[in-house]
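We did not get these values from a lab; they are worked out from the coordinates using the rules stated. Computed from a predicted model, the values in this text were never measured in an experiment. Cβ sites come from the backbone with ideal geometry, for glycine too, and all protein chains shown count toward neighbours.
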Amino acid sequence: MVGATLGRPRIGVLSIQGAFAEHARVLERVGADPVDVRAPSDLDGLDAIVLPGGESTTLGLVAEESGLLDALRARLADGLPALGTCAGMIVLARGVTEGAQPLLGGMDIVVRRNAFGRQARSFETLLDVSGVSDAGEGPVDAVFIRAPWIEEWGPGVEILAEHAGHGVAARQGDLLVTAFHPELSGEHRFHEWLVARARSRRERGDERRERHVGAQ
Ligand code: GLN
């Protein structure tokens, strides 16, 4: 495969709008090959995907128009690991508290958009994130920009961090979401988690292929 480095997972970054270039840079730093995703065919051969921040209505509408939303929904149902930040978290949610907009779903959460109100539209804070900040490197430098929070969640969802009494990071299986922007503060642990999930998915795929070949 031209350009693919052995052992580096291929991780897609939805590159329609918003903070996608920053995610690609962090992914490179933590050992992955980032791939721009703009059309359904860009999903071929990916080991994981990042859904970046931006404007979730625009992201959803543009992705719906190109067929990318349906294609991505199918890949997520097939177990593709994903990291969604801010608008990416909204797009991964099964619902929003107000209005209607195209969503991928996949994660059993309902989010409130622009939840922190006018006074606190953008802010930066140190945050304890379960499984991340307790692993040795300390709290997460979390940048919130017109961020959502998690208003409802199902039994399969683990809330990993709270701010002002509301969930701002969560995990459900191989899906991880943050209301803040780890890619803007030099934070790399969320992307490392995604790379680890991508590697283990790739290994499971290799095993399946070997079993299949062995059975012939
Ligand atoms: N407020 C945006 C939305 O609702 C999200 C902001 C962001 O991604 N930084 O889509």
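Things worth noting here:
- Annotation for Glu210 and Arg73: the two label points, set 7 Å from Cα along the Cα-Cβ direction, are 3.6 nm apart.
- Within the range 10-211, the ratio Rg/Rh, alpha carbon atoms throughout and Rh by Kirkwood, equals 0.94.
- Qualifying trypsin sites (Lys or Arg not before Pro) for the range 106-175 [loop in DSSP, other Cβ within 10 Å: at most 10]: Arg118
- Available extension along the chain between Ala164 and Gln17 is 50.1 nm, counting 0.36 nm per residue and deducting the alpha carbon span.
- A DSSP coil position with no more than 16 other Cβ atoms inside 10 Å describes the following GluC sites (Glu not before Pro) in the range 91-196: Glu98, Glu137.
- Degrees, to the nearest 10: 56-65 long Cα axis against longest axis of the chain: 40
- Whole-angstrom gap from the range 99-152 to the range 179-201, using each part's C-alpha centre: 15
- Full-extension gain in nm, Asp33 to Glu137, via 0.36 nm per residue minus C-alpha separation: 35.0 nm
- Per-residue extension of 0.36 nm, minus the Cα-Cα distance of Ala100 and Arg146, leaves a gain of 14.7 nm for this segment.
- Each principal axis of the Cα atoms in the range 26-124 has its own extent, and those three values, largest first, are 42, 31, 22 angstrom.
- The C-alpha atoms of the chain define a longest principal axis, and helix 68-77 lies at about 80 degrees to it.
- Alpha carbon centroid spacing (whole Å) that separates the range 20-49 from the range 77-95: 15
- Under Karplus coefficients 6.51, -1.76 and 1.60, residue-wise ³J(HN,Hα) of the range 127-139 in Hz, glycine/proline x: 10, 7, 10, 4, x, 10, 6, 8, 9, x, 8, x, x
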